[in-house]
């Protein structure tokens, strides 16, 4: 019997700095075992290519064992070279077509679209696999200026088939409303890694809140 995937899933983003790759891998393994996770994005802005590769090599077997897509931020060339499952690009990281040429047709390409349905529709027409809206809340992970209303998720869910990701300062306390609004994925970094009870507890709590949010989502 086929299993229906969740309507909204957790999308983990790594801490911005990973000094100890072995320790991070151990923490990641425990976190992935704590609840449903759809993807892990490796986002290490100032790291060397060698360090990024080390993190990818440590995370990849854990992700594959758990059915988690491994996404690399910014660098489609490295995503292809390191055999990641996909790449996430921002509006200044090149076009969807350029990323697709580098990673091929079998890998995922996702795009940041801030608070703009226009950018998201352009990305969809260009062949992206998902669009990301945010930041929905203040975040220390990156500088942001856009602050979309959750209604953008509802409108996107009602009109488009390509999945949408909510990103930016999302915590356990705010997850339920974004899941209810229509997010297909909740992208979270500090909300998991800096959770006072630890990443595993955070993953479990996020999954609970996502489930509660889906109960409030109107049926299609």
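The values are calculated or read from the model by the stated rules, or taken from the named source; none is laboratory data. Everything numeric here is computed off the predicted structure, so don't read it as measured data. With ideal geometry, Cβ positions are generated from the backbone for all residues, glycine too; neighbour counts draw on all protein chains shown.
The requirement of being in contact with a helix residue (DSSP H, G or I) (Cβ under 6 Å, 6 or more places away or on another chain) and more than 23 Å from residue 178 (Cβ to Cβ) is not satisfied by residue 56.
Sort out which residues of the range 176-220 are in contact with a helix residue (DSSP H, G or I) (Cβ under 7 Å, 6 or more places away or on another chain), assigned to a loop (DSSP other than H, G, I, E, B) and on the phi < 0 side of the Ramachandran plot, and write them in order of number. The answer is 183, 195, 217. Among residues of the range 8-21 that are part of a loop (DSSP other than H, G, I, E, B), those with a beta-carbon under 8 Å from a residue that is surrounded by fewer than 16 Cβ atoms within 10 Å (Cβ to Cβ) at least six positions away or on a different chain give the pairs 8/214; 16/45; 17/46; 18/51. With respect to being free of Cβ contacts under 8 Å to residues at least 24 places away in the same chain and either crowded, with 19+ Cβ neighbours inside 10 Å or in a helix (DSSP H, G or I) (or both), residue 93 falls outside the description. List every residue pair whose Cβ atoms sit under 7 Å apart, with the two residues 6 or more apart in sequence or on different chains, where the first one lies in the range 107-121 and is more than 28 Å from residue 83 (Cα to Cα) and the second, anywhere, is assigned to a strand (DSSP E or B). Every condition considered, the pairs that remain are 115/133. Of the residues making up the range 116-143, those that are under 15 Å from the mean Cα position of the chain (by Cα) and at positive phi number 1. From the list 44, 70, 62, the lone residue that is outside any loop (DSSP other than H, G, I, E, B), surrounded by 14 or more Cβ atoms within 10 Å (Cβ to Cβ), at pLDDT 95 or above and within 16 Å of the chain's Cα centre (by Cα) is 70. For residue 146, the conditions (1) at pLDDT 95 or above; (2) at negative phi; (3) over 17 Å from the mean Cα position of the chain (by Cα) all hold with the exception of (1). Among the residues making up the range 106-124, a single one is in a helix (DSSP H, G or I), touching a helix residue (DSSP H, G or I) at 6+ places or on another chain (Cβ under 7 Å) and surrounded by fewer than 19 Cβ atoms within 10 Å (Cβ to Cβ): 117. Please work out if residue 170 is within 30 Å of residue 106 (Cβ to Cβ), surrounded by fewer than 24 Cβ atoms within 10 Å (Cβ to Cβ) and touching a helix residue (DSSP H, G or I) at 6+ places or on another chain (Cβ under 6 Å). So residue 170 does not fit the description; no.
Just so you know, in the range 1-20 the residues that are surrounded by 15 or more Cβ atoms within 10 Å (Cβ to Cβ) and farther than 17 Å from residue 195 by Cα include one that is modelled with the lowest pLDDT, and it is 6.
Evaluation of residue 36 against the conditions (1) in a helix (DSSP H, G or I); (2) farther than 11 Å from residue 14 by Cβ; (3) touching a helix residue (DSSP H, G or I) at 6+ places or on another chain (Cβ under 8 Å) shows that the sole unmet condition is (1).
For the condition within 28 Å of residue 118 (Cβ to Cβ) and touching a strand residue (DSSP E or B) at 6+ places or on another chain (Cβ under 6 Å), residue 135 does not qualify.
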